[in-house]
Structures are given as C-alpha cells and as structure tokens.
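In what follows, a single structure is set out as structure tokens and then discussed.
The values are calculated or read from the model by the stated rules, or taken from the named source; none is laboratory data. Not measured: the values here are computed from a predicted model. No Cβ is skipped: glycine too gets one built from the backbone with ideal geometry, and neighbour counts run over all protein chains shown.
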Amino acid sequence: MLTALLVLVVIGTAIDGRAPKIGGLAIGLAVAADILMGGPLTGAAMNPARWFGPAVAAGAYADWYVWWIGPAIGAAVAALVYRYTLAEAS
C-alpha cells in the first residue's frame, strides 16, 4: 500500500503532463504520509532497498520475499490503476 500510494503520486504529479507542476511538494507529502502510516508497522519500507540495508546490518533475512515482492506488486497495481482509470485516453 505504501509503494502504491507513492507511485500514484509520482505518476500523477511528476509524469502526467496535465498535472500542475507541484510534483516535489506532492511527492514529499506522500512520503511523509507513508512514513506516518507505515513507520510503526514496517519501518516505512516503501522499496526493497529500505529493507535490505537494515537486514544486512542485522543479519536478518527472514521473510525477504514480503519486502521484495510486496513493493513490486504495489507499484504494478498503482501503475495499472493509473493507466486504466486516470490516464488521458490516447
């Protein structure tokens, strides 16, 4: 969910040509919301690199697939949702 929110905001504000040019502010607010919502649960792991560094330092690789596959699926779902519901018809 964290990655999906971030990807939707990035596509909607920084990539879509119809959007006002406030991508940096919107992306920053999305990251802040992700941290506030997901920080206590996952350490705000919005991408696999955020999990991988602490995992290497701690030597704890249990359930690695959750931290790699979850963000990939979230990003893919967000991209598909944007493409088929919010994107401009071509």
Quiz item: Which members of the range 7-16 meet the condition of being free of Cβ contacts under 8 Å to residues at least 12 places away in the same chain and crowded, with 19+ Cβ neighbours inside 10 Å?
Solution: none
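Results for (1) within 17 Å of residue 15 (Cβ to Cβ); (2) in contact with a helix residue (DSSP H, G or I) (Cβ under 8 Å, 6 or more places away or on another chain); (3) loosely packed, with under 10 Cβ neighbours inside 10 Å; (4) of a type in the set (Val, Ile, Thr), shown as yes or no for each residue.
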position	(1), (2), (3), (4)
48	no, yes, no, no
62	no, no, yes, no
65	no, no, yes, no
69	no, no, no, yes
77	yes, yes, no, yes
84	yes, no, yes, no
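The rows are residues; the columns are (1) without any contact (Cβ under 8 Å) to a residue 24 or more places away in the chain; (2) of a type outside the set (A, V, I, L, M).
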site: 18; (1), (2): no, yes
site: 22; (1), (2): yes, no
site: 25; (1), (2): yes, no
site: 30; (1), (2): no, no
site: 35; (1), (2): yes, no
site: 39; (1), (2): yes, yes
site: 45; (1), (2): no, no
site: 58; (1), (2): yes, no
Self-check item: Selected residue [small (Gly, Ala, Ser), at positive phi, surrounded by 16 or more Cβ atoms within 10 Å (Cβ to Cβ) and within 13 Å of the chain's Cα centre (by Cα)] from 30, 44, 4
Solution: 44
Exercise. Name, by its number, the condition in (1) at pLDDT 90 or above; (2) under 13 Å from the mean Cα position of the chain (by Cα); (3) polar (S, T, N, Q) that does not hold for residue 13.
Key: (2)
